[in-house]
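Everything below concerns the one structure shown next.
The values are calculated or read from the model by the stated rules, or taken from the named source; none is laboratory data. As the structure is a computational prediction, the values presented were derived from the model and not from experiment. In this analysis, Cβ positions are derived from the backbone assuming ideal geometry, glycine residues included, and neighbour counts consider all displayed protein chains.
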Amino acid sequence: MNLDKYRYIVVEGPIGVGKTSLARRIAAETGAQPLLEQPEENPFLERFYRDATRYALPTQMFFLFQRMNQLRDLTQTDLFSAPVVSDFLIDKDPIFAALTLADDELSLYRQMFEHFSQSAPRPDLVIYLQAAPATLAERIKRRGIPAESGISDTYLERLCESYSRFFHHYEVTSLLIVNAEKFNPLERSEDFELLMRRIASMRGKREFFSRGD
C-alpha cells in the first residue's frame, strides 16, 4: 500500500503493546527503512528491572544516546531519500525519566535531553498503540524475555498512565491512536490491512482506530 504522504512514521506505545512488530511489518510491506530500538544493547536494562533506583540513570542515559545516535546517522544519510518507519519517538523519552529518576538525576537528564533532542527530525505520523496494563503483562510474560521478568504490575500501570497523559497533549504531528487490545497485525492480515487503509485515508490531525471501525 502506498503511503507516500508519510515519509517518516513512528509507531509508539508502552512495552509489550506490539510497536516493534508493527513497525517491522509496515516497513516490510511498504519498502520503507526500519529504524528500531535496540534494547538488547543496553547493558543496564536487566539490572534496572531488578533494581530501578540504582540503575535508572545509566539505563536512561544509554537509551538517550543510543536513540540520538540512530537519528543522527539517519539524517546524515538523508532521511527523506527513502521512507522510514521507527518504533520510538524521541519526544516521549522523558516519560521514563520522570517515572524512575530522582530529582537531581532528572534535572541532569533534562539538560542532556534538551541539548540533543532539538536537532532530531520530526515524524510525519505517529501511531500510538494503547492496551491495558494487564494485557501488556500477559504479552510480556508470553514472549519470555529474561530481562523483562522483573517488570512489575505497578510499573506498567504508571507507564500506561504516563503515555496517556503524554499523547493527550501531543500536537507536534499527525497522530493515530489505536486500540491494540484485540488488534493483531501479525497473525491477522485483515487487521493489518484495515489499519493501513485507515492510515492512507487520514485527514485530521488526531484520529482513533479500533478493530471493527
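Examine the stretch 174-183 for a residue that is part of a loop (DSSP other than H, G, I, E, B) and buried (at least 18 other Cβ atoms within 10 Å of the Cβ), and state whether such a residue exists. Checked against the condition, which is being part of a loop (DSSP other than H, G, I, E, B) and buried (at least 18 other Cβ atoms within 10 Å of the Cβ), the stretch 174-183 yields at least one hit.
Those residues that are of a type in the set (Gly, Ala, Ser) and at pLDDT below 90, I need them from the stretch 97-124; list them, please.
Taking the stretch 97-124 as the starting set, the residues that turn out to be of a type in the set (Gly, Ala, Ser) are 97-98, 102, 107, 117, 119-120.
Those that are of a type in the set (Gly, Ala, Ser) and at pLDDT below 90: Ser117, Ser119, Ala120.
Output yes when any residue across the stretch 199-210 is in contact (Cβ under 8 Å) with a residue 24 or more places away in the chain, in contact with a helix residue (DSSP H, G or I) (Cβ under 8 Å, 6 or more places away or on another chain), among the aliphatic types (A, V, I, L, M) and under 23 Å from Arg24 (Cβ atoms), and no when none is. The answer is no; no qualifying residue exists. From the list Arg197, Arg206, the one residue that fits, being more than 30 Å from Thr53 (Cβ to Cβ) and in contact with a Ser or Thr (Cβ under 9 Å, 6 or more places away or on another chain), is Arg206. Note on the stretch 116-141: residues that are under 23 Å from Tyr55 (Cβ atoms) and not hydrophobic (A, V, I, L, M, F, W, C) amount to 3.
State whether the residues of the stretch 133-149 include one that is polar (S, T, N, Q), without any contact (Cβ under 8 Å) to a residue 40 or more places away in the chain and surrounded by fewer than 16 Cβ atoms within 10 Å (Cβ to Cβ). Walk me through how you get there before you give the answer.
To start, the set of residues in the stretch 133-149 that are polar (S, T, N, Q) comprises 135, 149.
Keeping just the survivors that are without any contact (Cβ under 8 Å) to a residue 40 or more places away in the chain gives none.
No, that holds for no residue.
Cβ separations smaller than 7 Å between residues 6+ apart or across chains give the following pairs from the stretch 184-195 residues that are within 19 Å of Leu136 (Cβ to Cβ) to residues that are assigned to a helix (DSSP H, G or I) and of a type in the set (Ser, Thr, Tyr): Leu186/Ser21.
Tell me which residues, restricted to the stretch 1-60, are among the aliphatic types (A, V, I, L, M), over 12 Å from the mean Cα position of the chain (by Cα) and in a helix (DSSP H, G or I). Lay out the reasoning, then the answer.
First pass over the stretch 1-60, keeping only residues among the aliphatic types (A, V, I, L, M): 1, 3, 9-11, 15, 17, 22-23, 26-28, 32, 35-36, 45, 52, 56-57.
The next check asks that each one be over 12 Å from the mean Cα position of the chain (by Cα); those that pass are 1, 3, 26-28, 32, 45, 52, 56-57.
Ile26, Ala27, Ala28, Leu45, Ala52, Ala56, Leu57, listed by residue number.
Taken over the stretch 116-164, the criterion of being under 16 Å from Leu22 (Cβ atoms), assigned to a loop (DSSP other than H, G, I, E, B) and touching a Ser or Thr at 6+ places or on another chain (Cβ under 8 Å) is satisfied by Pro123 alone. Go through the residues of the stretch 72-88 one by one and say whether even a single one is modelled with pLDDT of 95 or more and part of a loop (DSSP other than H, G, I, E, B). Within the stretch 72-88 (the criterion being modelled with pLDDT of 95 or more and part of a loop (DSSP other than H, G, I, E, B)), the answer is yes, since at least one residue qualifies.
For the stretch 24-32, the condition of being under 22 Å from Leu136 (Cβ atoms), surrounded by 15 or more Cβ atoms within 10 Å (Cβ to Cβ) and hydroxyl-bearing (Ser, Thr, Tyr) holds for none of the residues.
Does Gln66 satisfy being crowded, with 18+ Cβ neighbours inside 10 Å, under 17 Å from the mean Cα position of the chain (by Cα) and not basic (Lys, Arg)? Before the answer, list the steps.
Numbers: crowded, with 18+ Cβ neighbours inside 10 Å: no; under 17 Å from the mean Cα position of the chain (by Cα): yes; not basic (Lys, Arg): yes.
Judged against the criteria, Gln66 is not a match.
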